[in-house]
1. Within segment B:418-438, can one find any residue that is modelled with pLDDT under 90 and not in a loop (DSSP other than H, G, I, E, B)?
2. Mind checking whether some residue in segment B:335-343 is assigned by TED's automatic domain parsing to the domain that holds B:SER120, over 27 Å from B:LYS301 (Cβ atoms) and not in a strand (DSSP E or B)?
3. I need the full set of residues from segment A:523-542 which are crowded, with 18+ Cβ neighbours inside 10 Å and among the hydroxyl-bearing types (Ser, Thr, Tyr), in order please.
4. Would you pick out the residues in segment A:297-313 that are surrounded by fewer than 23 Cβ atoms within 10 Å (Cβ to Cβ) and in contact (Cβ under 8 Å) with a residue 40 or more places away in the chain?
5. Out of everything in segment B:274-292 that is more than 14 Å from chain A (Cβ to nearest Cβ) and surrounded by 20 or more Cβ atoms within 10 Å (Cβ to Cβ), what residue ends up being nearest to B:LEU309 (Cα to Cα)?
6. Can you name the number of the only condition in (1) modelled with pLDDT of 95 or more; (2) over 22 Å from A:ASP366 (Cα atoms); (3) in contact with a Gly (Cβ under 7 Å, 6 or more places away or on another chain) that A:PRO85 fails?
7. Return only the number of the condition from (1) surrounded by 15 or more Cβ atoms within 10 Å (Cβ to Cβ); (2) more than 7 Å from every other protein chain (Cβ to nearest Cβ); (3) among the polar types (S, T, N, Q) that A:ASN502 does not satisfy.
8. Inside segment A:111-210, counting only helices (runs of 4 or more DSSP H) that do not spill past its ends, which hold 1 or more residues that are closer than 16 Å to A:SER83 by Cβ?
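The values are calculated or read from the model by the stated rules, or taken from the named source; none is laboratory data. A quick note: this is a predicted structure, and the numbers were derived from the prediction, not measured. Every residue, glycine as well, gets a Cβ built from its backbone with ideal geometry; the counts of neighbours run over all protein chains shown.
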Amino acid sequence: MDRKSFLTAQAAQAKPNGIKQLNKTARTNSTITPYAGVWGETQIIQLLKRATFGAKISDIAYFKTKTMSQCVDELVTPLAAPSPPVNNYEGKTFNGNPFVDPDGIAKGATWVNAPYNNDANGFRENSMKSWWVSLMLNQGRSVTEKMVLFWHNHFSTEINSYNDVRYNFKYLATIRQYALGDFKAFVKAISLDPMMLRYLNGFVNTKNAPDENYGRELQELFVCGKGPNSQYTEDDVKAAAKVLTGININNTTVTYNFISANHDTANKTFSPFYNNTVITGQTGAAGINELDSLILMLFAGKSNGQALPEAAYFISRKLYRWFVYYDIDATTETNIIAPMAQAFYSANWDITAPLKLLLKSEHFYDILNFGCQIKSPVDYTIGALREFNTVIQNADIAVNYDTWYTVYALMVAFQQAIGDPPNVAGWPAYYQAPQYNEIWVNTDTLPKRSQVMDTLVTNNYGLIPAFDVIAFADALSNPADPNAMVSDTLKYLLRIDISQVNRDYIKTTYLLTGQTNDIYWTQAWNLFNVDRTNTINKNVVKSRLQQMIKYIIDLAEYQIA
Amino acid sequence: MKRRDFIRNAAPVIAAPALLNGYTVKAFGASPFLDALTAATANTDHVVVMIQLSGGNDGLNMVIPLDQYGNLANARSNILIPSNKVLSLTGTTATGLHPSMTGLQSMYNNGKVKIVQGVSYPSPSFSHFRATDIWTSASDSNQSLNTGWMGRYLGTEYPNFPSGYPNATMPDPLAIQIGSSVSPAFMGPAVSMGMAISNPNSFYNIVNNVQDTADLSKPWGKELSYVRTVAKQTQAYLSVIKTAAQSVTGQLTYPANNRLADQLKIVAQLIKGGLKTRMYLVSIGGFDTHSAQVDATDFTKGAHANLMLQLSDAIKAFTDDCQNLGVGDRVVGMTFSEFGRRIKSNASGGTDHGSAAPLFVFGNKVDGGKIVGNNPTIAGTVSVNDNVPMQYDFRSVYSTILSHWLCVKPSDLNTIMLKNFQDLGLIQSSASCMPTGIHEANQKAGINLISNYPNPFVSSTTITFTTEGGHTMVQIFDMMGREITTLVNREYEAGTYTAWFDATGLAPGNYYARLQNGFNQQVRNMSIVR
């Protein structure tokens, strides 16, 4: 068993198993019907905390002027591809000397079209990871980054597994390109993606030595899933592998390359789950066309009694867990998953169809679905930096990249290394019953999370600048009123309501330093406002805001979105 | 006393060579060897308990200057405690305590309480926030510090905290604050020394169940409850705190309905339970008595009287309990408030924000039953802006506790306190880690060390002062406590000297001159008339 199969075998025991049994926690009967209730900050925050990383106050204000439907449509609109990562490493120390890009790529120019270089590769990988962080931090009002991470978790590959950044970057470009597009076309693209061909051994799958790795995961993890109604067989795995024989990689162009001599030209017969489909063997260059037939068949695979192909349900459930809650009971299956699957299928596998349906549903804005996601490391870290408007803008682009890399390293410390999920099944927090996203928080990661955030409230964390708590307060409705200060801060930072007793506690303890009269805060804020260059008056309000925010982000409630 | 403590404490004063495990003890006087032997931290089992009175305590109704009673009655007739109700203190007829403070009275009379008069700092702030920040950071009036004085102390003792903590040598939290957030006073050079992963506050919350309930029937409640469970598990210090707390039985009864007593009870429990934690902070609010601080029909009752009662009862119960638990000799406490209140009361039966006020230092090993400093001199006519003059800088109190009780080395003391402050003794010399011969300031009571002539004066006056030699300082303050000038600030031979004070340009009114020399200080009231 090679390393990849070993990992896969491990993952197999822990793969998603479809519908979870009802637990004691009450779920809800709300349906997929478009939400028609009040469109207020609470609802907008729900939408933004789930569809982006963190809910920025400026974004909340922006969406207040729109209808719910307009908001979702805007968030789900696909974006143009971002500018690629650049040479941020020129002059960094390498073997004791300043590094010079071997291909003459200037600092600030992109390296993504450069050939492989052993010395430059590590630098470029770090550049790419930093760049990815920057895209998350600057994601704008779009679901794109959350979907890129969704697909990275879905079609997992690991940078660590093949150290050639050209492969890694092309893979990222592929998942970005299809993040809000045609899922069927996406499956074809990822099946031919050089990184995926490496990662799941597709490039060594030949007529004489078939490798079933990709053929299996294509069904089990990528299209049909492991649910009770996903009834493909072991023979289907073998047959799919045969369809895919002969695909190779051109290592110069980093594109797939079909070698017909390695292709199995026999007919491939599939099980009743795939309606006993026979894919006719093709010879010569046409052998690659069998992939289209295979995908067509995969997207039609369904069990007896099911209305739609299994893929429609499988992806809908995964979207649901990503955006709403991990617990899918029978009611949710009927009320939410089934209509999402129908929309997905009817829209010819356009992923935005079920996504929009979900994000516009009364179910999504059901109060029982608020505050029930434990923040992933990415959500926690990127979300906090965005919600506190952390600006990473230095004259030297290398400093920007180094700062983004610091953010990347934090997420690694919190156990989510973007680019390197633990295995082909993605992060366990997205599939491992019964804990799911509770897995993110443990006795190691929780204190780490709190220590980092605690530091950032008052100090820089490495290159990451400290939170500007004054700017945060300025964006609130009435900073001079300590009651409004507390309730606004709680509203934007937490999703779980805090009792009046504890609100008063926070106000009295932190903003009023133990006093009972609100006027003391108001006076301090107003005095600060008279002359903002007065350091002492500024520190009076700043230190109190910092203490209040520290307290709030130290609450268990802050771990939840 | 553990052997290491003994070596540490004894070594500096041993002059003659003696043998201890074959080593010449005198050699231990060389500090690198001594430090290596006793680890980098000062090895003491002494504990400091800070009691914060939030809001600005009316010191004049707490420690009552009976020798000023007539003028005081003019200034605050609607709130002043009747003189026959004032509790007397052994050894003085000039000063007494608020009638609610029977507990502190008996402690004082048993030598367990020391009163420090007129504690403030030059140019005091009258803002709660700013004044609290100054007291917690130990900064100058015009200085803004991001660290707290206790945080700087703990940062000196445990420089790498939190990395590597808890460990075998220091398995316990460095500082614990009960019942509130972690005070900025604990803010160290990089992190809060009172927090890290262990939030003492959450311990209090666990003990007292102050937390919004997580509704387990709802998805959010299930996830919240999960995170809270992990949070409890990750409290690195929680188990040691709980173990310590649970190991203690047989505590005495504390007064009921007394939030301060509730907090101090936990402190006694943790000290007895064996925590090596050196600093505790507890707090009580409600001292911002702008109106109705006394009952209109009985000035010995009312809001301030209740606070005095809670404070006194709580400290008495705590001290008795520590004694009962066998840890009384390890504990020194002090009270502080961000400021005192104005001399003159206002029409609504309260007092506005003021400056200097007395504070209490208490414990078995305190050089107690004594008063440091004098009663403030109250003028015959007091304007609304007049304040109690500063006699001692609050940082002198901190500094003295650090050096005499927590055994901080003189070199570190400057790092922590940022400058050199007057040594006030405060601790019995037998218990002090700085075995200096303490000259008691009140031994000088009745002897005028500073005077001026003429007084009142129009434009200038000559100030005469007597120094025992060494560093001597004469400062001039106005009645708002603002430092007008430092007239004298240098080393002198013992003797009597004069300094000329030119008051040109100063408004008419009351001023005072403050002499500081070694343990001594005295304040002289002066008036400019035109």
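1. Taking every residue of segment B:418-438 in turn, none turns out to be modelled with pLDDT under 90 and not in a loop (DSSP other than H, G, I, E, B).
2. No, the conditions are met nowhere in segment B:335-343.
3. Matches in segment A:523-542: none.
4. Scanning segment A:297-313 gives A:PHE299, A:LYS302, A:SER303, A:GLN306.
5. B:TYR280
6. (3)
7. Checking A:ASN502 against (1) surrounded by 15 or more Cβ atoms within 10 Å (Cβ to Cβ); (2) more than 7 Å from every other protein chain (Cβ to nearest Cβ); (3) among the polar types (S, T, N, Q), the one that fails is (2).
8. In segment A:111-210, the matching helices (runs of 4 or more DSSP H) lie at A:118-137, A:144-154, A:165-178.
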